[in-house]
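K.L.:
Below is the structure I would like to discuss, written out as structure tokens.
The values are calculated or read from the model by the stated rules, or taken from the named source; none is laboratory data. This structure is a prediction, so every number in the text was calculated from the model and none was measured. For neighbour counting, all protein chains shown are included, and Cβ atoms are generated from backbone atoms with ideal geometry for every residue, glycine included. Ligands, DNA and RNA are excluded from the accessible area calculation, which covers all protein heavy atoms including side chains. Shrake-Rupley method; radii C 1.70, N 1.55, O 1.52, S 1.80 Å.
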Amino acid sequence: MPDNPQALPGQAFALPDHRVIALEGRDAAAFAQAQFMNDVKALADGHWQWSGWLTPKGRVIALFALLRVSDQSIRLLLPDSDAAAMVQSLKRFVFRSKIWIDLREDLVIEGRYGVPEQGKRAKIGGDEASGLELDVGGEGGARTLRIAPAGPAAETDAQALARWTLDDLRHGLPRLPASQTGQWTPQQLSLERLNAFSVKKGCYPGQEIVARTHFLGKAKRGLVLFESPVEVAAGAEVRGEAAVLGTVASSASLGSTHLALAVLSLDRTEGPTSIDGHAVSEQPLLAGLER
């Protein structure tokens with residue numbers, strides 16, 4: 001069986017590890033601007049961006065696609081994170097804002113390998129009645145993500161789902177398990193590659209740490225992609241010949257293909273590298289997923 005099975009042209013498959021949070025109301029965009037790490041104010045209606053929510057110490061709690069459907073309608077598309085818990089956490093910061101926040105259980109998320117029918121780059125395709133379409137393709141090829149009203153669901157395809165996760169990692173999009181939330185700054189996850197955070201928009205949780213790191217040039221660690229001969233667990237140590245070089249933040253496997261995104265020192269010396277005693281090879285990160 002091939003490690004990278006090709007989905008049939010146009011065939012959609014379920015992404016059950018993705019959930020949608022809705023922010024609705026007069027202050028939806030303003031709330032998102034104040035809480036999340038990218039510049040929602042600069043984002044035009046009908047467009048989307050990569051973004052995230054940080055701790056006060058500038059560590060990534062959740063990484064997601066933020067869709068600005070309109071000034072009063074924001075959608076957060078979260079892979080992997082506990083979306084229900086995030087809804088409750090966000091509600092604690094509403095105060096007097098005119099906003100409603102909830103998990104959209106009535107929506108399904110699908111992936112498809114192929115060129116989007118309507119969405120292109122950062123422009124959202126379609127509408128909420130028929131489905132919202134995002135272009136999440138890059139150098140690795142065309143990919144389409146769709147958020148649709150609940151109805152006849154796309155089939156769950158474990159191999160296609162695993163391939164999708166591998167492609168995220170190849171493009172430098174960390175898929176953070178619970179053990180890795182609140183551990184890394186945006187710079188340590190190299191999220192500037194995705195245009196996923198702003199250092200100029202003003203205050204948001206963790207902004208001071210992010211801006212200081214940027215303007216003082218103190219980013220000392222970043223993402224490196226490794227291929228391993230065996231499955232790798234998030235949190236595993238990456239070792240050089242004589243010392244620990246860093247930590248695996250995200251990993252995925254399909255067949256004999258095992259990838260790991262690790263946070264390593266940017267000024268490390270080249271040499272043999274291993275994870276859990278197995279020699280690993282560094283791989284180039286693919287471009288084109290920035291929005």
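K.L.:
Taking the range 263-291, which residues are assigned to a loop (DSSP other than H, G, I, E, B) and touching a helix residue (DSSP H, G or I) at 6+ places or on another chain (Cβ under 8 Å)?
P.N.:
Of everything in the range 263-291, those that are assigned to a loop (DSSP other than H, G, I, E, B) and touching a helix residue (DSSP H, G or I) at 6+ places or on another chain (Cβ under 8 Å) turn out to be 285, 286, 287, 289, 290, 291.
K.L.:
Collect the residues in the range 269-291 that are over 20 Å from residue 230 (Cβ atoms) and open to solvent by 80 Å² or more (accessible area, probe 1.4 Å), keeping them in residue-number order.
P.N.:
269, 270, 284
K.L.:
Pick out, from the range 80-164, the strands (runs of 3 or more DSSP E) lying fully within it that include 2 or more residues that are β-branched (Val, Ile, Thr).
P.N.:
107-113, 143-149
K.L.:
From the list 52, 58, which one is over 19 Å from residue 148 (Cα atoms) and part of a strand (DSSP E or B)?
P.N.:
52
K.L.:
Would you say residue 241 is open to solvent by 40 Å² or more (accessible area, probe 1.4 Å) and not in a loop (DSSP other than H, G, I, E, B)? Spell out how you get there, then give the answer.
P.N.:
Numbers: open to solvent by 40 Å² or more (accessible area, probe 1.4 Å): yes; not in a loop (DSSP other than H, G, I, E, B): no.
Taking the combined requirement at face value, the residue does not satisfy it.
K.L.:
Another one. So which of 212, 175 is at pLDDT below 95 and either of a type in the set (D, E, K, R) or over 21 Å from residue 83 (Cβ atoms) (or both)?
P.N.:
Residue meeting the stated conditions: 212.
K.L.:
Exactly one condition in (1) within 20 Å of residue 192 (Cα to Cα); (2) open to solvent by less than 60 Å² (accessible area, probe 1.4 Å) is false for residue 254; which is it?
P.N.:
All conditions are met except number (1).
K.L.:
A further question follows. Select, from 211, 234, the only residue that is within 30 Å of residue 90 (Cβ to Cβ), among the hydrophobic types (A, V, I, L, M, F, W, C), open to solvent by 20 Å² or more (accessible area, probe 1.4 Å) and touching a residue at least 12 places away in the same chain (Cβ under 8 Å).
P.N.:
234
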